[in-house]
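First the structure, in the form of structure tokens, and then the observations on it.
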Amino acid sequence: MTTLTRPLRLTQYAAGGGCACKVPPGELERVLGGLAVPAGADLLVGLENGDDAAAVRIDGGRAVIATADFFTPVVDDPYDWGRIAATNALSDVYAMGGTPLVAVNLLSWPRQKIPFDVAGEVLRGGADVCAAAGAFLGGGHSIDDPEPKYGQAVTGLADADRLLRNDAGEAGLPLTLTKPLGLGVLNNRHKATGERFEEAVAQMTTLNRDAARAALDLGVRCATDVTGFGLLGHLYKLVRASGLSAVVDAAAVPYVDGARQALADGFVPGGSRRNLDWVRPHLRSAVSEDELVLLADAQTSGGLLVVGEIPGYPVVGELVPAREHAIEVR
């Protein structure tokens, strides 16, 4: 049995952390663009626009939503990591306007480095989030791996004619953000120093269920969640898919406490800088480079970016007719 000789810090067992370890968006799109994937009338959402999940019509007005998400530790506490990873995986279903039905675990574990009982705490966190979401947890798959990784594959149900899609934006509609940004820089600081940020953990373990329901109740048709590609990256994908441009009011964007200080102290994930580099050719900005880095910060289990005004959440910009630049930051 593996034993630890010092206090466990899960984040030290992985090179990256959370959604900041995603493959860079430009590189991912280049590879996916070369795939020949069969399509059909019942595939409502597939690879074409890089949406949050796949959607398939199954009968009448119902659609199945399918997604998977997993990543290396974003916090040191195993139970919290399990909760964050499960919340993040379920988010893709909510971002499509669906209700999670069943999830299965995806677990990679370095059994020779970390006691497998620690994995049990990770799985317990994931199970508790599924229970809170009203979704069944039905097993999964595990492998022995040099780095710990955890997440879930999730299946949900939705109204096929009321999906939240990233290609359904309309000019003149506001952009609402349902969680503050700054999770990437704070998680990077946590990895480097061990400091714990309670507000960040609370945000990452908050389901996007209520925000998605509010959007559907108001007749919203376009949304995405803000995760590893940052606000600017996910917004760029949305406006590109919708054939529009967007204006972002930088002063209206909320941040988790401590995020600006973490940026000032240099705790910027590589993924955040890659996000900004990807979007920069399509960007016109009147704000500082630091502000742009925060707007591109790689989020883990972030909120929804909704095309429409949702009471109780800040409006951070609007969609406009297509212009020379896809995004203008003011």
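The values are calculated or read from the model by the stated rules, or taken from the named source; none is laboratory data. What you see is a predicted model, and the numbers here were worked out from it, not measured in a lab. Quick reminder, even Gly has a Cβ in these numbers, built from the backbone with ideal geometry, and neighbours come from all protein chains shown.
Restricting attention to region 120-150, the residues that are on the phi > 0 side of the Ramachandran plot and either among the hydrophobic types (A, V, I, L, M, F, W, C) or touching a Leu at 6+ places or on another chain (Cβ under 7 Å) (or both) add up to 1. Take TYR150 and tell me if it is under 21 Å from ALA15 (Cα atoms), buried (at least 18 other Cβ atoms within 10 Å of the Cβ) and not aliphatic (A, V, I, L, M). Spelling it out, TYR150 is indeed under 21 Å from ALA15 (Cα atoms), buried (at least 18 other Cβ atoms within 10 Å of the Cβ) and not aliphatic (A, V, I, L, M). Note on region 167-197: residues that are more than 14 Å from the chain's Cα centre (by Cα), among the β-branched types (Val, Ile, Thr) and crowded, with 22+ Cβ neighbours inside 10 Å total 2. In region 288-302, the condition of being among the β-branched types (Val, Ile, Thr), outside any helix (DSSP H, G or I) and surrounded by 24 or more Cβ atoms within 10 Å (Cβ to Cβ) is met by at least one residue.
Test LEU164 against the criterion of being closer than 29 Å to VAL316 by Cβ, among the aliphatic types (A, V, I, L, M), in the same structural domain as TYR255 (by TED's automatic domain parsing) and buried (at least 24 other Cβ atoms within 10 Å of the Cβ), and give yes or no. Give the steps one after another, and end with the answer.
Numbers: closer than 29 Å to VAL316 by Cβ: yes; among the aliphatic types (A, V, I, L, M): yes; in the same structural domain as TYR255 (by TED's automatic domain parsing): no; buried (at least 24 other Cβ atoms within 10 Å of the Cβ): yes.
Considered against the rule, which asks whether it is closer than 29 Å to VAL316 by Cβ, among the aliphatic types (A, V, I, L, M), in the same structural domain as TYR255 (by TED's automatic domain parsing) and buried (at least 24 other Cβ atoms within 10 Å of the Cβ), LEU164 comes out as no.
If we scan region 275-285, do we find a residue that is at pLDDT 95 or above and touching a Lys or Arg at 6+ places or on another chain (Cβ under 7 Å)? Step through it out loud before you land on a result.
Kept after step one, since they are at pLDDT 95 or above, are these residues of region 275-285: 275-285.
From what is left, the residues that are touching a Lys or Arg at 6+ places or on another chain (Cβ under 7 Å) are none.
No: region 275-285 contains no residue that is at pLDDT 95 or above and touching a Lys or Arg at 6+ places or on another chain (Cβ under 7 Å).
If the condition is being among the charged types (D, E, K, R) and either surrounded by 16 or more Cβ atoms within 10 Å (Cβ to Cβ) or part of a strand (DSSP E or B) (or both), then region 128-146 contributes ASP128, ASP144.
Which one of ALA158, ALA153, ALA200 is hydrophobic (A, V, I, L, M, F, W, C), more than 29 Å from ALA119 (Cβ to Cβ) and modelled with pLDDT of 95 or more? Spell out the reasoning first.
Values: ALA153 fails: more than 29 Å from ALA119 (Cβ to Cβ); ALA200 fails: more than 29 Å from ALA119 (Cβ to Cβ).
When all the criteria are applied, what remains is ALA158.
The lone criterion from (1) crowded, with 17+ Cβ neighbours inside 10 Å; (2) modelled with pLDDT under 70; (3) among the small types (Gly, Ala, Ser); (4) over 22 Å from LYS113 (Cα atoms) left unmet by GLY18 is number (4).
Of note, TYR236 satisfies the criterion of being surrounded by 21 or more Cβ atoms within 10 Å (Cβ to Cβ), of a type in the set (Phe, Trp, Tyr), at pLDDT 95 or above and touching a strand residue (DSSP E or B) at 6+ places or on another chain (Cβ under 8 Å). All told, LEU276 falls short of being under 19 Å from the mean Cα position of the chain (by Cα), touching a residue at least 40 places away in the same chain (Cβ under 8 Å) and surrounded by 24 or more Cβ atoms within 10 Å (Cβ to Cβ). Residues of region 298-321 being hydrophobic (A, V, I, L, M, F, W, C) and within 20 Å of the chain's Cα centre (by Cα), which ones? The answer is ALA298, LEU304, LEU305, VAL306, VAL307, ILE310, VAL315, VAL316.
ALA252 passes every criterion in (1) over 20 Å from the mean Cα position of the chain (by Cα); (2) within 21 Å of VAL75 (Cβ to Cβ) apart from (2).
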